[in-house]
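Step one of this worksheet: look at the structure below.
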Amino acid sequence: MTKILSHTGNEVYVGHFQGNAMKKSMDIIEEYSANRIEISPRISVITTFTNKNKAITALQLELSNMPYINACPEGVEEWTNIDKIKYYVGALEQTTSEYCLLVDGYDVLFFKNLDETFIQKFEHLNTKILFNATKNNHPNMEIDIVENRDSLGEFKYLNAGVVFGKTQDLLKFYKEVLITTQRKDIMNPWNSEQLFVRIVANGNPDVSFDHQCALFQTFSKTEKTVCGNTAIII
């Protein structure tokens with residue numbers, strides 16, 4: 001297997017091929033779609049999809065005989081990213097595992113086992129909730145205030161496509177996000193759940209994003225350098 005390293009040299013566990021990144025990363029996607037992984041019983045994976053034939057996350061988990069929760073209610077054919085927030089709340093309320101990983105359904109793959117080492121690395125980051133980090137500021141406006149943002153490097157914006165934490169911490173957070181979606185003073189022409197997530201994350205000391213790409217790697221606006229069987233994403 002090709003080893004996937006981030007710009008900081010970390011061997012990342014989860015890849016998010018958001019936007020047009022899938023077209024540029026088909027070699028990695030094809031390789032890892034066939035890669036079987038294991039997940040600690042302490043972790044529940046929650047995703048959201050309606051078309052399983054295109055849900056690469058669920059297909060990889062099923063290939064690996066790993067359980068997951070599709071938060072999208074049965075019978076729903078169309079939904080927006082904002083709907084995903086209430087689906088997450090519903091799924092988290094029914095989840096009994098210590099930790100949860102919430103991931104987009106159509107553009108996320110696992111590179112490594114989510115084992116005890118993964119949990120330990122998360123705990124060492126000293127945060128309750130850890131989101132993806134990305135080079136993209138979406139929506140392209142000032143939403144959350146991050147002190148010395150430019151010092152974080154290029155992956156300096158929160159991305160809501162992947163998030164990990166203890167189940168009860170995530171439930172508390174997403175309940176607040178769900179309440180925020182009901183505010184009439186927030187314009188959201190993009191139907192973006194990320195807007196609401198970033199608003200609630202703003203100034204919250206319990207929420208961080210993985211700007212070092214220690215565990216998670218987004219692929220939008222990145223380039224790949226291949227050295228033998230190692231791909232470095234920068």
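Just how much of Leu125 is accessible, in Å², when a 1.4 Å probe is used and the result is rounded to the nearest 10?
Answer for Leu125: close to 60 Å² accessible.
Figure the gain on full extension for Arg149 and Asn20 (residue separation times 0.36 nm, minus the Cα-Cα span) and round it to one decimal in nm.
44.0 nm
Near Ile43, within a Cβ-to-Cβ distance under 11 Å, what is the net charge of the other residues, with Lys and Arg +1 and Asp and Glu -1?
-2
What relative contact order, as a whole-number percentage, does region 19-109 give when Cα pairs under 8 Å and 6 or more residues apart are counted?
41
Need the list of aspartates and glutamates near Lys112 for cross-linking: C-alpha distance under 19 angstrom, and skip anything on the same chain fewer than eight residues off.
Qualifying aspartates and glutamates at Cα under 19 Å: Glu11, Asp27, Glu30, Glu31, Glu38, Glu62, Asp104, Glu123, Asp210.
Evaluate E = 1/(1 + (r/R0)^6) for Asp206 and Lys184, where r is the Cβ-Cβ distance and R0 equals 35 Å; express this FRET efficiency to the nearest 0.05. Don't jump to the answer; show the numbers that get you there.
On the way: r = 27 Å, r/R0 = 0.77.
Efficiency computed from Cβ-Cβ geometry: 0.85.
Give, in nm to one decimal, the length gained when the segment between Glu11 and Leu63 is fully stretched (0.36 nm per residue of separation minus the Cα-Cα distance).
Answer, rounded to one decimal: 16.5 nm.
Could you let me know the centre-to-centre spacing of region 54-74 and region 150-224, using Cα atoms, in angstrom?
Value for the Cα centre distance between the two parts: 22 Å.
Counting only protein chains, not ligands or nucleic acids, how are Asp169, Asp144, Asp150 ordered by accessible area (probe 1.4 Å), most first?
Asp150, Asp169, Asp144
Based on the mean of other beta carbon atoms within 10 Å per residue, what is the order of 43-53, 193-203, 21-31, 207-217, most packed first? Mind dumping the intermediate values first?
Details: 43-53: 18.5, 193-203: 20.9, 21-31: 15.4, 207-217: 23.4.
Going by the mean number of other Cβ atoms within 10 Å, highest first, we get 207-217, 193-203, 43-53, 21-31.
Quick check on my link table: of Lys86/Lys221; Lys84/Lys166; Lys172/Lys221; Lys84/Lys135; Lys3/Lys135, which ones sit more than 27 Å apart, alpha carbon to alpha carbon?
In this structure, Lys86/Lys221; Lys172/Lys221 exceed 27 Å between Cα atoms.
Around Thr57, under 9 Å between beta carbons, what's the net of Lys plus Arg minus Asp minus Glu among the other residues?
Cβ neighbours under 9 Å give a net charge of -2.
When the helix-only estimate is applied to the chain (DSSP H runs of n ≥ 4, each -39,500 (n - 2.57), divided by the residue count), what is the mean residue ellipticity at 222 nm, nearest 500 deg cm²/dmol?
That comes out to -7500 deg cm²/dmol.
Points 7 angstrom from Cα along the Cβ direction at Asn113 and Ser40: gap in nanometres?
So the two model labels end up 1.2 nm from each other.
Largest first, please: the extent of the C-alpha atoms of the chain along each principal axis, to the nearest Å.
Reported extents, whole Å, longest axis first: 53, 42, 33.
Just the accessible area for Tyr106, please: 1.4 Å probe, Å², rounded to the nearest 10?
Probe radius 1.4 Å; accessible area of Tyr106 about 70 Å².
Nothing charged except the Cβ atoms of Lys and Arg (+1) and of Asp and Glu (-1): what's the magnitude of the dipole of the chain about its Cα centre? Round to the nearest 20 debye.
180
Please list, in order, the residues from region 175-206 whose amide nitrogen is less than 16 Å from a point placed 7 Å along the Cα→Cβ vector of Asn126.
The answer is 205-206.
Using Cα springs under 10 Å in a Gaussian network model of the chain, which residue among Val103, Val89, Val146 shows the largest mean-square fluctuation?
Result for the chain, Cα springs under 10 Å: Val146 fluctuates most.
Based on the Cβ-Cβ distance from Asn51 to Asn137, what FRET efficiency comes out when R0 is 22 Å, to the nearest 0.05?
Efficiency computed from Cβ-Cβ geometry: 0.15.
The values are calculated or read from the model by the stated rules, or taken from the named source; none is laboratory data. A quick note: this is a predicted structure, and the numbers were derived from the prediction, not measured. Counting neighbours? That spans all protein chains shown, and the Cβs are built from the backbone with ideal geometry, glycine included. Keep in mind that these areas ignore ligands, DNA and RNA; they rest on the heavy atoms of the full protein, side chains included. Shrake-Rupley method; radii C 1.70, N 1.55, O 1.52, S 1.80 Å.
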